[in-house]
Amino acid sequence: MRVLQVNLHHSMAASAALSVAMRNCDVALIQEPWTYKGEIKGLKEVGGELSYSKSILYPRTCILVKKGFQILPLTHHCSRDLTAVKIKSRVVGGQGRLFSDRPTFHTMTWNLHLPGSWKGW
């Protein structure tokens, strides 16, 4: 599983660049996504599933997982600054082939945004 972490700084152009970068990645941990009216924009072209707290008007974190993975959003752990998902995947062989007889892995993935004013625990 190839993972990318990026801060988009609420930028439309950065969201477009991420769409291109996702050709070589499976999961993106995103801080400060581009939002409009409470919805994250600019990432539909990638395909897959976008997880974030839908109850927050302007979320500061999200996790984008491409098609081919099963995910379980851990919504009870999500907030404006935290997104969590459980990703189920299998071992992949040469040329990206998925082997059904290989073990399944469950990966807990957390994405935390710490704003500049954050002073620590």
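Each residue, A17 and L112, gets one label point 7 Å from its Cα in the Cβ direction; the gap between the two is 2.7 nm.
The residues packed around V85, meaning those with a beta-carbon under 14 Å from its beta-carbon, carry a net charge of +2 if Lys and Arg are +1 and Asp and Glu are -1.
As a proxy for reagent exposure, ranking K67, K54 by other Cβ atoms within 10 Å from fewest up yields K67, K54. Spin-label model, H9/E49: points 7 Å from Cα along the beta carbon direction are separated by 3.2 nm. The gain in end-to-end length when the H76 to N24 segment is fully stretched comes to 15.7 nm, 0.36 nm per residue minus the alpha carbon separation. Ranking of Y36, Y58, Y52 by neighbouring Cβ atoms within 10 Å, starting from the fewest: Y36, Y58, Y52. The local environment of R23, defined by Cβ-Cβ distances under 12 Å, has a net charge of 0 under the rule Lys, Arg +1 and Asp, Glu -1. The order of V20, V85, V46, V65, going from fewest to most other C-beta atoms within 10 Å of their C-beta, is V20, V46, V65, V85.
The residues packed around V65, meaning those with a beta-carbon under 11 Å from its beta-carbon, carry a net charge of +2 if Lys and Arg are +1 and Asp and Glu are -1. For E39 and M1, a Förster radius of 25 Å and the Cβ-Cβ distance give a FRET efficiency of 0.40, rounded to the nearest 0.05.
Readers should treat all values here as calculations from the given coordinates under stated rules, not as data from a laboratory. Note that the structure is predicted; figures quoted are calculated from it, not measured. Please note: Cβ atoms are built from the backbone with ideal geometry, for glycine as well, and neighbour counts cover all protein chains shown.
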